[in-house]
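Notes to accompany the following structure.
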């Protein structure tokens, strides 16, 4: 009697392994990409809080008057825009991704800091109302 040994994987076994790997990848890859975007937006929020700390510190040094500008002082620091470009800008809010905008009232008694998400939409506002 001759007996043949059949070792190895059949075509169906290989196909099932590929299907399972594809299902796992379809779950993991979108979550990973969303996690990266959330991390970048977290860095933008941190930049906005750094801007607020800088503004409040300058106001304490200048007897309650908020500074006219923060972009020159803060863009020279280690805080970077995770989406590329400058991290801080002065004036009314624009549409650039990841930028924190600083706007001060005419009397320098109030300010607003706004931050944009990866699509350029407003997702954070800090500070007092600007009149």
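The values are calculated or read from the model by the stated rules, or taken from the named source; none is laboratory data. These figures come from a predicted structure and were not determined experimentally. Cβ placement follows ideal geometry from the backbone for every residue including glycine, while neighbour counts extend to all protein chains displayed.
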Considering only residues that are under 20 Å from residue 40 (Cα atoms), in contact with a strand residue (DSSP E or B) (Cβ under 8 Å, 6 or more places away or on another chain) and part of a loop (DSSP other than H, G, I, E, B), which ones fall in segment 109-123? 117
What number goes with the only condition from (1) modelled with pLDDT of 90 or more; (2) under 30 Å from residue 34 (Cβ atoms) that residue 127 does not pass? (1)
Quick check on my filter: what residues within segment 86-108 are surrounded by 13 or more Cβ atoms within 10 Å (Cβ to Cβ), under 17 Å from the mean Cα position of the chain (by Cα) and in a loop (DSSP other than H, G, I, E, B)? 86, 87, 93, 96, 97, 98, 99
Considering only residues of segment 51-85 that are touching a helix residue (DSSP H, G or I) at 6+ places or on another chain (Cβ under 7 Å) and assigned to a loop (DSSP other than H, G, I, E, B), which is surrounded by the fewest Cβ atoms within 10 Å (Cβ to Cβ)? 65
Cβ-Cβ under 9 Å pairs, at least 6 apart or on other chains, segment 86-108 side at positive phi and at pLDDT 90 or above, far side surrounded by 23 or more Cβ atoms within 10 Å (Cβ to Cβ) and part of a loop (DSSP other than H, G, I, E, B): 98/87
